[in-house]
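Below is one structure, written out as structure tokens, with a few remarks after it.
The values are calculated or read from the model by the stated rules, or taken from the named source; none is laboratory data. Just so it is clear, the model here is predicted, and its values are computed rather than measured. Backbone-built Cβ (ideal geometry, glycine too); neighbour counts: all protein chains shown.
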Amino acid sequence: MPPSAAESPDIKPVKPSWGDTLKVYLEPATLRMLALGFSAGLPLLLVLGTLSFRLREAGVDRSTIGYLSWVGLAYAFKWVWAPLVDRLPLPGLTPWLGLRRSWLLLAQIAIMAGLAGMAFNDPRLSLEPVVWCALAVAFGSATQDIALDAFRIESAGTERQAALAAAYQTGYRLAMIWAGAGVLWIAARAEVAPAVGAALAGNAYQNAAWQTAYLVMAASMGVGVLVVLISPEPQRHALPPAKNISEWLQGALVAPFADFIRRYRWQAGLILALIAVYRISDVVMGIMANPFYVDMGYTKDEVAAVTKIYGVLMTLLGAFVGGVLSMRLGVMRVLMLGAVLSAASNLLFAWLGTRGHDVSALIFVISADNLASGIASAAFIAYLSSLTNVNYSATQYALFSSMMLLLPKWLAGFSGRYVDAYGYSHFFTATAWLGLPVLLLVWLAARAAQRGGAGEPGGGGGYEGG
């Protein structure tokens, strides 16, 4: 990638000591990002993976569940309204909180309202209200992501972005565990003993238990609300005021994309291709994971217990390792490692499908999957952050993270039909093969970075591999 104005391609960056590297994780900006990462990660599974568990238990067929995953396409199109989040002040809120925090608070309120709506609707009686509430949560969550990504990028320089990304990813993954294992655990605790006839018929779905679980999740968004209210607004680079509406639209809609193309020229296509497919194995596989657990006979308590204990430990370890290795070895090396691990962990799910109801095997597979995902995500977030211009941080990062989801989410919509036709093991193996082009693109992007003279996007630690 081209070097920044403050860097010379002839000067190799000095790597921080291990002590300085670890101290970054105790700084206030990093700790805030841990809590805000929790707020960002909470809604995702509640409209995708956890919802698929709830719907499958309620008797909804796999093909319908697969198509309903297209609710997640809201995340893939957030670049459409990202320029508004990046530049448009909210009356009443922005003078009080500042631009970034006002949009964060508005998005969090929308998420809480949508989750409450999902709680009070029974998918067995009518699926449509649940879908509309899930869409509200998805749009609120995508808007929160736009504002939060800008907040994170503007909260520290490039040398600390890997640490902020690791803290964000740790909070994000912890929230996903709470929104996955936590919801299942709460719903299991809230269940009452079914009538004899219902038990014999195998009707285990109890909407009141899910209602309790989703209301607890809505209340859990209070963590993010509190942090937004007590955090300082990050200092932004002042942009010259627009003289008219045409100039404002040029600066808000056109300039962020033109800036990216101008800075990276021919490499822009390669970078966007890598972004578009990097998480494809995980995203396409993920929507069928919970229906897989249900169909394999795992109970809510079993899935919750395994995810809560082993998922938490491996998530923390993976995000920490990914962040530290990115700062020490360079982002591109860890991107390659994450791509390999993500594809390999899907093969483990194919193996799990041959084991029947085997809790020990479930522990092993969930542990490996969380470790791989933590490493890959921490490096990928740092990579995306390094590509942005702070003048357009919200819009450019929204473009990158939207492209990351567009193709995978579209493919994931057909996952239920694929499983119905070929079975779970064949499906998981196919998603692992989807990761092969990612390895080639990471290698090409690393070579392009070397030829560009920067060694590492954003002036990072360099990539010396061949």
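Data overview
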read-out	value
In region 268-297, the residues that are farther than 20 Å from His426 by Cβ and in contact (Cβ under 8 Å) with a residue 60 or more places away in the chain	Leu270, Ile271, Leu272, Ala273, Leu274, Ile275, Ala276, Val277, Tyr278, Arg279
Residue in region 55-63 that is of a type in the set (S, T, N, Q), more than 13 Å from Ala134 (Cα to Cα), surrounded by fewer than 24 Cβ atoms within 10 Å (Cβ to Cβ) and touching an Asp or Glu at 6+ places or on another chain (Cβ under 9 Å) present	yes
Arg124 at pLDDT 80 or above, crowded, with 24+ Cβ neighbours inside 10 Å and basic (Lys, Arg)	no
Candidates Asp358, Asp369, filtered to the one that is surrounded by fewer than 24 Cβ atoms within 10 Å (Cβ to Cβ) and either within 23 Å of Ile287 (Cβ to Cβ) or touching a Phe, Trp or Tyr at 6+ places or on another chain (Cβ under 7 Å) (or both)	Asp358
Odd one out for Ala454 among (1) in a loop (DSSP other than H, G, I, E, B); (2) at pLDDT 75 or above; (3) of a type in the set (A, V, I, L, M)	(2)
Among (1) polar (S, T, N, Q); (2) within 22 Å of Ala181 (Cα to Cα); (3) buried (at least 23 other Cβ atoms within 10 Å of the Cβ), the one test that Thr388 misses	(2)
Which listed residue is assigned to a helix (DSSP H, G or I) and farther than 27 Å from Ala142 by Cα, from Val312, Val340	Val340
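Conditions (1) under 27 Å from Val442 (Cβ atoms); (2) under 17 Å from the mean Cα position of the chain (by Cα), marked per residue:
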position: Tyr310; (1), (2): no, no
position: Phe320; (1), (2): yes, yes
position: Gly323; (1), (2): yes, yes
position: Ser326; (1), (2): yes, no
position: Val331; (1), (2): yes, no
position: Val340; (1), (2): yes, no
position: Asn346; (1), (2): yes, no
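Yes/no matrix, rows are residues, columns are (1) assigned to a helix (DSSP H, G or I); (2) surrounded by fewer than 20 Cβ atoms within 10 Å (Cβ to Cβ); (3) touching a Gly at 6+ places or on another chain (Cβ under 9 Å):
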position: Ser373; (1), (2), (3): yes, no, yes
position: Ala376; (1), (2), (3): yes, no, yes
position: Ala382; (1), (2), (3): yes, no, yes
position: Phe400; (1), (2), (3): yes, no, no
position: Leu405; (1), (2), (3): yes, no, yes
position: Ala430; (1), (2), (3): yes, yes, no
